[in-house]
Amino acid sequence: MCGRFTLYDLSKFNININYEFKPNFNISPGSSILILNENKLPIIINWGITANWSEKVKIFNSRSETLMVKKSFNNTKRCIFLANGYYEWKRIGQNKIPFYHFLSDEIMFFAGIYNDDGACIVTRESYSKINRIHSRQPVLLNYDNFNTWFDKTHDFECQFSIEMNIYEVSKSVNSVKNNSFKNIQKVKN
């Protein structure tokens, strides 16, 4: 599952946007987010798609394994989430410890789906290194498989593996009110 992510540096994405960009170190479900639509154009949309069984429920992640069979996603198009990294929480006893996941000197592209209502991140089973933190992770894309993701005529499988950087961060990220660079700084144990 991906419940929070960051987008604080657009310079590496090489896209033109028509609004004032504000760095965000704690993007949460319900937030306005920047995605690339099926034409690879940037649009602003809310993070979360209304569930078909309740207008009060927003879905912010969708399992890749069931993406094509869930009724809530029948009328969606594919998109790409832009991110500099994301957070996952590891349960240790009664505590949930936040960890920041990112790529060295790279940007992240998450597979996503969207409709007029909002967008959600497509997830998959975690790779072994990430699995020690959480059992799910976003489906990560790169420039080479954008077109494959946008082509709905065949099933998509993430065929490449990447070396993810992961470290513990402050519990301040637990509150969406905390939105600063300090959120992604490594905790010194």
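Nothing in this text is a laboratory measurement; each read-out follows from the coordinates by a stated rule. No experiment lies behind these values; they were computed from the predicted model shown. Every residue, glycine as well, gets a Cβ built from its backbone with ideal geometry; the counts of neighbours run over all protein chains shown.
Among Lys56, Lys90, rank each residue by its count of other Cβ atoms within 10 Å, from fewest to most, as a rough exposure measure.
On the way: Lys56 7, Lys90 14.
Listed from fewest to most nearby Cβ atoms, that is Lys56, Lys90.
In the stretch 32-101, which GluC sites (Glu not before Pro) are in a loop and have at most 16 other Cβ atoms within 10 Å, using DSSP for the loop call?
Numbers: sites: Glu38, Glu55, Glu65, Glu88; in loops: Glu38.
Answer in residue order: Glu38.
Can you tell which of Tyr114, Tyr167, Tyr86 shows the greatest fluctuation in a Gaussian network model of the chain with Cα springs below 10 Å?
Its mean-square fluctuation being the largest, the pick is Tyr167.
So what's the back-of-envelope 222 nm ellipticity for the chain, counting only DSSP H runs of four-plus at -39500 (n - 2.57) apiece and dividing by all residues, rounded to 500?
Details: 2 runs with 9 residues, N = 189.
Calculated mean residue ellipticity at 222 nm is -1000 deg cm²/dmol.
Just report the Cα centroid separation between the stretch 160-183 and the stretch 36-114, whole Å.
16 Å
State whether the stretch 1-115 is rounded, prolate or oblate according to the following rule on the C-alpha gyration tensor (a ≥ b ≥ c being the square roots of its eigenvalues): a/c under 1.5 gives rounded; otherwise a/b larger than b/c gives prolate, and the remaining case gives oblate.
Values: a/c = 1.76, a/b = 1.05, b/c = 1.67.
Verdict is oblate for the stretch 1-115.
Taking neighbour counts of Cβ atoms within 10 Å as a proxy for exposure, in what order, fewest first, do Leu103, Leu34 appear?
On the way: Leu103 16, Leu34 20.
In increasing order of surrounding Cβ atoms, one gets Leu103, Leu34.
From Cα pairs below 8 angstrom and at least 6 apart in sequence, can you work out the relative contact order of the chain, rounded to a whole percent?
Numbers: 380 pairs, mean separation 43.2, N = 189.
Relative contact order comes out at 23 percent.
For each of Trp53, Trp149, Trp47, count neighbouring Cβ atoms within 10 Å of the residue's Cβ, then give the residues from fewest to most.
Working: Trp53 9, Trp149 19, Trp47 23.
Lowest to highest Cβ neighbour count: Trp53, Trp149, Trp47.
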